[in-house]
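*Asks:* The following block contains the structure, expressed as structure tokens.
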Amino acid sequence: MNSRFRCVLCTVESDSHLWNLVYLHKLLEEYGACVRNLGTCTPIGAVTRALREDRPDLLVVSSVNGHGFHGARVLLSALRSDGLAVPCVVGGKLTTAVSDDDRVRRDLLAAGYLDVFTGDDAIDRFRVLLDFGIAQGFSSWHAEPAVATPWDGEQITTPEVR
Ligand code: B12
């Protein structure tokens, strides 16, 4: 079968969770993708190599161990410094607190991710992106703007104890 798009799937270097990758691999195949799944604890060098070799339409980064926010930023800056420009999306459980999700989304969109998928509706929203990307190309996607919660950016001060 001819694939409808090429996709590289990875996680961050710290993350040894596997089934999130298996799930996404099968989901992407359901959409007709040819998937190169780089497996757990993906070394950044393996991602850069795969992007050079495959020239994929989409890079999907998945992390659930709570360190994905940091790892996803490190990965994207490595791709940038290697001059690799590919639409990248990231999702899963990217920190250890669900209350961080809006801030994480805002920061990762600002860093250059095409979209960020966390929370219970992550897969439903990802399916919308896949339908759009197949029809119009992933680069044309515009993510919903991130919600700025009133407490984000507030300086937390604690009274001095004498
Ligand atoms: C199995 C498991 C492990 C196994 C992993 C074995 C393996 N090789 O896979 C072991 C025991 C090794 C493990 C270790 C750890 N784990 Co663990 N683990 C789990 C567990 C029980 C199930 C994960 C799983 O397989 N889920 C099935 C897959 C299909 O679902 P999923 O991972 O949630 O992915 C879904 C979504 O997140 C989403 N998604 C994920 N990525 C992406 C990306 C995109 C683009 C999109 C759209 C969607 C998406 O789609 C998937 C399908 O719905 C979860 C708890 C749980 N019930 O979820 C904890 C959990 C993920 N682990 C957790 C933690 C903290 C750890 C450790 C740090 C524990 C420790 N202190 O050592 C280590 C980290 C190891 C490491 N270096 O990464 C936490 C993460 C907390 C957080 N992020 O806030 C969890 C949530 C447990 C908890 N409630 O605290 N773990």
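*Asks:* Name the single residue that is surrounded by the most Cβ atoms within 10 Å (Cβ to Cβ) among those in region 86-116 being of a type in the set (Ser, Thr, Tyr) and farther than 16 Å from Leu9 by Cα.
*Replies:* Thr95
*Asks:* Exactly one condition in (1) touching a Cys at 6+ places or on another chain (Cβ under 6 Å); (2) over 15 Å from Cys88 (Cα atoms) is false for Tyr113; which is it?
*Replies:* So the condition that Tyr113 fails would be (2).
*Asks:* Also, I was wondering about something else. Let me confirm something: among Gly83, Gly119, which residue is surrounded by fewer than 11 Cβ atoms within 10 Å (Cβ to Cβ), over 12 Å from the mean Cα position of the chain (by Cα) and either closer than 15 Å to Val12 by Cβ or at pLDDT 95 or above (or both)? Write out each step before concluding.
*Replies:* Numbers: Gly119 fails: surrounded by fewer than 11 Cβ atoms within 10 Å (Cβ to Cβ).
On inspection, the qualifying residue turns out to be Gly83.
*Asks:* Starting from residues that are of a type in the set (D, E, K, R) and assigned to a helix (DSSP H, G or I), keep the ones in region 106-128 and report whichever is nearest to the ligand (Cβ to nearest atom).
*Replies:* Arg125
*Asks:* Pull out all pairs, ordered by first then second residue, where Cβ-Cβ is under 7 Å, the residues are six or more apart or on different chains, the first lies in region 89-103 and is under 15 Å from Asp121 (Cα atoms), and the second is part of a helix (DSSP H, G or I) and near the ligand (Cβ under 6 Å from one of its atoms).
*Replies:* Gly91/Ala122; Gly91/Phe126; Gly92/Asn20
*Asks:* Take residues that are within 10 Å of the ligand (Cβ to nearest atom) and tell me which of the strands (runs of 3 or more DSSP E) falling wholly in region 1-105 contain 1 or more. Don't jump to the end; show me each part of the working.
*Replies:* Values: elements: 5-10, 33-37, 58-63, 88-92.
In region 1-105, 5-10, 58-63, 88-92 are the strands (runs of 3 or more DSSP E) which contain 1 or more residues that are within 10 Å of the ligand (Cβ to nearest atom).
The values are calculated or read from the model by the stated rules, or taken from the named source; none is laboratory data. As the structure is a computational prediction, the values presented were derived from the model and not from experiment. Positions of Cβ are generated from backbone atoms using ideal geometry, with glycine treated the same way; all protein chains shown enter the neighbour counts.
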